[in-house]
Amino acid sequence: MKGIDLGLDALSFASIYFLAAIGLAVTFGVMRVINMAHGEFIMMGAYTGYVVQTLIPDRTLSLIVALPAAFAVTFAAGVALERLVIRHLAKRPLETLLATFGVSIALQQIAKNVFGTQARPLTAPEWLEGAITFNDVISISTIRVAIFVLALLFLGLFLFIMKRTRLGLEVRAVTQNPGMAASMGINPDRIAMLSFGLGSGIAGIAGVAIGLFAKVTSELGQDYIVQSFMTVVVGGVGNIWGTLAGAGLIGALSKIIESLNPSNTLAAQTFMILFIIIFIQFRPRGIIPQKGRAAEA
Amino acid sequence: MTRKPFILRNPSVLVMLAALAVFTVAVTLMSQAYGSGAVPTSMVKVLGKTLCLALAAVAMDLVWGYIGILSLGQMAFFALGGYMIGQWLMYARTEAIVATSLAQAPIPPTPLELQEATASQIFGVVGSSDLPMVWSFAHSLPLQLLLVVAVPGLLALLFGWLAFRSRVNGVYLSILTQAMTLALALWLFQNDSGFRGNNGLSGLQNIPGLDGVSQARLSIWFLWASAAALGLGYVLIAWLVGGKFGSVIRAIRDDETRVRFLGYPVEGFKLVVFTLAAMITAVAGALYYPQAGIINPAELAPIASIYLAVWVAIGGRGRLYGAVIGAVAVSLLSSWFTGGRAPDLALPGYVVKWVDWWQVALGLSFVLVTLFAPRGIAGFFDLFTRRRESGS
Amino acid sequence: MSALLEVSGVSVSFDGFRAINNLSFNIGAAELRAVIGPNGAGKTTFMDIVTGKTRPDEGDVRWGEYSRSLLKMNEAQIARAGIGRKFQRPTVFEDQSVADNMTMALRANRNPFSVLGWRPSPSSDQRVAELAAEVGLAGQVNRKAGELSHGQKQWLEIGMLLAQEPRLLLVDEPAAGMTLAEREQTTTLLRRLAETRAVVVVEHDMDFVRRLNCKVTVLHQGSVLAEGSLDHVTRNPQVIEVYLGR
């Protein structure tokens with residue numbers, strides 16, 4: 001019984017990590033770019049949700065509006081970041097990391113200046129409140145189920161885009177061999193811009209989802225950024241299944257460690273990170289590594 | 001080919017040492033303790049701390065600018081150095097206070113009683129009265145001084161050995177160093193870690209045994225010590241990167257595979273550099289926190305280490321004086337702008353309050369520097385010297 | 001015949017693709033050998049295995065008088081044992097001077113602490129000057145390697161290899177991007193080097209291989225297809241089929 005409850009908790013943790021990390025998997029996996037502002041895109045998504053809610057009082061309707069709005073806002077921000085900054089730092093990954101960090105602190109402070117330091121509420125519609133109770137031990141809040149469904153939805157959407165659409169085909173081509181892709185008439189710059197926008201847009205939607213159960217502050221993104229990187233790195237770069245596996249592993253593990261010593265979540269997080277550091281020793285390329293000559297680049 | 005002595009081959013080292021000496025003497029002559037009093041003691045402390053940050057930046061430059069490891073964990077070593085010296089400062093001072101108060105008692109306390117009373121004073125805030133294991137050496141200054149370099153050194157050695165051995169590189173390595181810092185910070189945040197959780201160690205500005213010395217004097221002494229440490233560290237690192245060792249580590253930065261095929265044990269070099277830099281950073285931290293007065297786990301936040309990288313980048317990496325310039329300029333500017341003393345900027349329709357907008361300006365200026373001046377401030381010096389060379 | 005390098009029954013696959021398939025190869029202590037083969041024949045992978053960059057799935061690689069296995073050694077240890085490798089594209093440290101590049105390659109203890117204690121001496125300066133003269137960079141020792149022309153970089157890299165004093169030299173497509181005169185020079189140098197050590201040249205260009213006038217090993221699909229003089233192997237019907245299409 002306890003095990004099932006734990007499993008459900010782990011599953012919901014995993015879906016949050018997955019949602020937060022999937023956008024990063026696109027930008028880091030496809031373009032080998034560490035976007036330190038990814039967490040701030042999540043934050044922007046959450047604030048977009050808050051703003052929409054102040055404009056539209058009906059919560060269900062506002063949520064329906066907020067999701068595409070958050071996607072649009074962060075998609076635009078991502079495209080702007082790619083065009084203005086990242087494109088000019090190609091082949092200088094460490095400097096990209098620092099430049100996007102500059103964007104990150106600027107965005108954080110702007111959010112603080114505009115929305116203030118206190119947390120803003122992003123309230124879930126009534127039908128998402130409450131919990132689904134199976135018996136005394138096993139219960140799960142509806143919002144977590146919704147997030148799980150959302151994560152599944154994104155996994156499906158991502159797979160559909162990558163495997164079934166022209167855009168996905170071109171993205172995969174650019175990932176594997178940009179020079180060859182360019183010579184076949186694919187514009188790698190355009191693909192980079194679109195995939196960066198897509199990854200950022202997903203971060204925005206993740207932000208709305210996270211905002212529904214967490215407090216919306218300017219530091220919201222910081223709470224998820226390290227875990228998101230861990231998820232991608234542990235899972236293996238350039239593979240959505242890797243991200244899923246990474247999220248699953250991290251979600252399960254943080255729940256298990258927490259349950260061993262429930263009074264001390266700080267210790268749980270410490271051990272979690274230590275585990276990841278040691279894990280990387282044995283699987284430096286993650287759970288599902290990229291293979292072949294492309295992996296050596 | 002004739003070889004000039006090291007110092008003469010590196011005029012920038014001489015210039016840096018001279019500038020440091022002039023600065024130290026000038027501040028001393030304007031201090032409240034030894035001079036005109038034009039520079040208040042609080043300012044002397046800010047300047048002393050800035051020198052420590054500059055030393056940390058020089059070490060960061062060694063790690064990032066020369067061997068190419070963008071370590072986002074340098075502040076972990078910095079803070080560890082501070083914690084190690086803080087243990088002695090806090091213990092010895094608390095012990096002295098407890099001893100004075102117990103001296104009134106009819107029966108003089110035994111050493112064990114004294115230790116217990118001291119421990120319950122220090123750890124009362126986290127609901128404990130036992131002295132944790134990690135404080136075993138806190139009574140001894142020499143031992144804690146040894147730990148200042150030994151603990152961060154060992155941590156760097158262990159972490160580096162694990163990471164370099166499995167050839168974790170580039171952005172992966174950066175993320176991993178960040179994870180290490182975060183793990184350490186979270187661990188220190190716990191109340192039962194033995195370092196007083198988020199209270200941290202405080203009262204570090206009071207040096208045991210020097211109760212009669214005013215803070216004005218102490219601040220100048222610490223300024224001298226910080227200047228000496230920066231000078232020594234600078235010369236040591238400049239010497240290190242000047243010779244064949246420097247040649248090899250720059251080669252590792254540019255193409256480590258090729259260096260391996262030349263027969264050099266790349267991992268060994270990285271380990272030596274990473275560990276040495278960690279120890280230098282720890283010394284800087286050990287000098288910084290007595291001037292700051294307090295240390296807590298927030299000092300280890302991953303963002304602090306990124307700031308260090310930002311300073312080095314703005315100053316110009318791969319050039320030691322660039323690191324010093326970057327650290328001094330950006331940290332002093334930051335404290336001026338965020339200190340609320342900078343005049344507001346009145347734009348049509350909006351008044352820019354720097355307290356609110358400095359962070360935004362800093363972030364954006366950092367993007368601009370990486371985009372348009374990848375060599376940083378030191379790059380402008382290059383332009384100047386190159387013009388002079390071609391002119392002569 | 002005692003071989004300096006003995007590769008026996010080595011295989012390696014990437015993602016199910018067998019890049020090297022049961023390959024065996026020997027070379028003596030002072031021998032010049034050309035390795036040829038079409039694209040994808042496994043030439044680069046072969047060099048990767050010998051220099052420790054790639055670990056074979058099976059087989060053995062033995063080295064020197066005591067037949068030490070190279071499989072347990074990493075790239076740096078193999079390089080220190082006396083195997084030098086020249087890459088296809090010139091890889092020199094562009095940010096540093098020609099003299100610094102050569103000094104790094106000079107035979108000396110590679111341990112970090114020994115390197116820290118290393119000081120230039122008249123003899124090391126002289127060795128650098130000699131090597132620079134030998135590869136035609138005599139007047140250029142203080143220039144940055146990045147300022148050199150493509151051909152000069154190739155020569156600098158060869159100079160660095162010589163400074164390492166390897167017993168076996170692996171040279172990947174030395175003639176690529178060289179002018180006719182430079183090719184002549186390279187041939188002469190390689191032949192002279194092979195008088196005192198083993199040299200393996202991986203090459204595409206048949207004319208260049210003819211000029212080397214040495215024993216040739218033809219690789220195809222990861223194993224040795226034929227071995228012998230150039231005339232011998234070019235008469236081999238299998239080789240003709242592989243090279244001229246099937």
Point to revise | DSSP-defined beta bridges in the protein assembly as shown - what % are antiparallel, rounded to 5 | key: 60
Practice item. At q = 0.10, 0.19 Å⁻¹, what is the base-10 log of I(q)/I(0) for segment A:188-281 according to the Debye formula with one equal point scatterer per Cα and no solvent? Please give it to two decimals. Key: -0.34, -1.08
**Study point:** Long-range amide H partners of C:Ser97 with built H, under 5 Å
**Key:** C:Ala145
Point to revise | Summed side-chain charge close to B:Ile294 - residues other than B:Ile294 whose Cβ falls under 15 Å, Lys, Arg +1, Asp, Glu -1 | key: +3
Study note, to complete from the structure: Non-local residues with an amide H under 5 Å from the amide H of C:Lys86, with H modelled 1.01 Å from N and Pro and chain starts lacking one, are C:Leu170, C:Val171, C:Asp172
Exercise for review: Can you tell me the order of A:98-108, B:37-47 when each peptide is scored by its average per-residue count of other Cβ atoms within 10 angstrom, highest first?
Suggested key: A:98-108, B:37-47
Review point. Shielding of A:84-96 by partners, i.e. mean partner chain Cβ atoms within 10 Å per residue?
Key: 3
Study note, to complete from the structure: Note: A:101-113 gets an average of partner chain Cβ contacts (10 Å, Cβ to Cβ) equal to 6
Check your understanding: When only DSSP loop residues count, what trypsin sites (Lys or Arg not before Pro) in segment B:121-204 have their Cβ near at most 16 other Cβ atoms within 10 Å?
Key -> B:Arg167
Review point. How far is helix C:150-164 tilted off the main Cα axis of chain C, in degrees rounded to 10, range 0 to 90?
Key: 90
Exercise for review: Report, to the nearest whole %, how much of the accessible area of the protein assembly as shown belongs to carbon and sulfur atoms, 1.4 Å probe, protein only.
Suggested key: 61
**Study point:** Residues with amide H under 5 Å from that of C:Phe14, placed H, sequence gap 5 or more
**Key:** C:Ala19
Exercise for review: Counting other Cβ atoms within 10 Å, keep those with at most 13, restrict to DSSP loop, and tell me which chymotrypsin sites (Phe, Trp or Tyr not before Pro) in segment C:21-73 are left.
Suggested key: C:Tyr66
Review point. Around B:Glu116, what is the net charge, scoring Lys/Arg as +1 and Asp/Glu as -1 over all other residues with Cβ under 12 Å from its Cβ?
Key: -3
Check your understanding: Loop-only check: which trypsin sites (Lys or Arg not before Pro) in segment B:263-364 are DSSP coil with at most 11 other Cβ within 10 angstrom?
Key -> B:Arg341
Practice item. Only Cα pairs under 8 Å and at least 6 apart count here; give the relative contact order of segment B:6-300 as a rounded whole percent. Key: 38
Check your understanding: Taking K and R as +1 and D and E as -1, what net charge do the other residues with C-beta under 15 Å from the C-beta of B:Pro208 add up to?
Key -> -1
Study note, to complete from the structure: Here the relative contact order (percent) of segment C:91-165, from C-alpha pairs under 8 Å and at least 6 apart, is 53
Review point. Among the aspartates and glutamates, which have Cα under 12 Å from the Cα of A:Lys215 when same-chain residues fewer than 8 positions away are ignored?
Key: A:Asp223
**Study point:** segment B:6-300 - accessible surface per residue (Å², probe 1.4 Å)
**Key:** 36
Revision key, fill the gap. antiparallel share of DSSP beta bridges within chain C, to nearest 5, in %, is 55
Practice item. Work out which helices of chain A, taken as complete DSSP H runs, extend at least 24 Å along their axis over the Cα atoms and score a mean Kyte-Doolittle of 0.5 or more, then list them. Key: A:2-24, A:38-55, A:59-84, A:93-115, A:142-164, A:188-213, A:240-260, A:265-282
Exercise for review: Return the Cα extents of the protein assembly as shown along principal axes one, two and three, sorted largest first, each rounded to a whole Å.
Suggested key: 102, 72, 65
Study note, to complete from the structure: Here the whole-number average of other chain Cβ atoms within 10 Å per Cβ of B:239-245 is 4
Check your understanding: Taking the Cα atoms only, what angle lies between the long axis of helix C:180-193 and the longest principal axis of chain C, rounded to 10 degrees?
Key -> 90
Revision key, fill the gap. Taking GluC sites (Glu not before Pro) in a DSSP loop with at most 15 other Cβ atoms within 10 angstrom as exposed, one finds the longest site-free stretch of chain C at C:95-194
Practice item. Order the peptides A:185-198, A:216-229, B:52-65, A:153-166 from the highest to the lowest mean number of other Cβ atoms within 10 Å of their residues. Key: B:52-65, A:216-229, A:185-198, A:153-166
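The values are calculated or read from the model by the stated rules, or taken from the named source; none is laboratory data. Note that the structure is a prediction, hence the values are computed from the model and not measured. Note: ideal-geometry Cβ built from the backbone for every residue, glycine included; neighbour counts use all protein chains shown. Ligands, DNA and RNA are stripped out before the accessible areas are found, and what is left, the full protein with its side chains, is counted by its heavy atoms. Shrake-Rupley method; radii C 1.70, N 1.55, O 1.52, S 1.80 Å.
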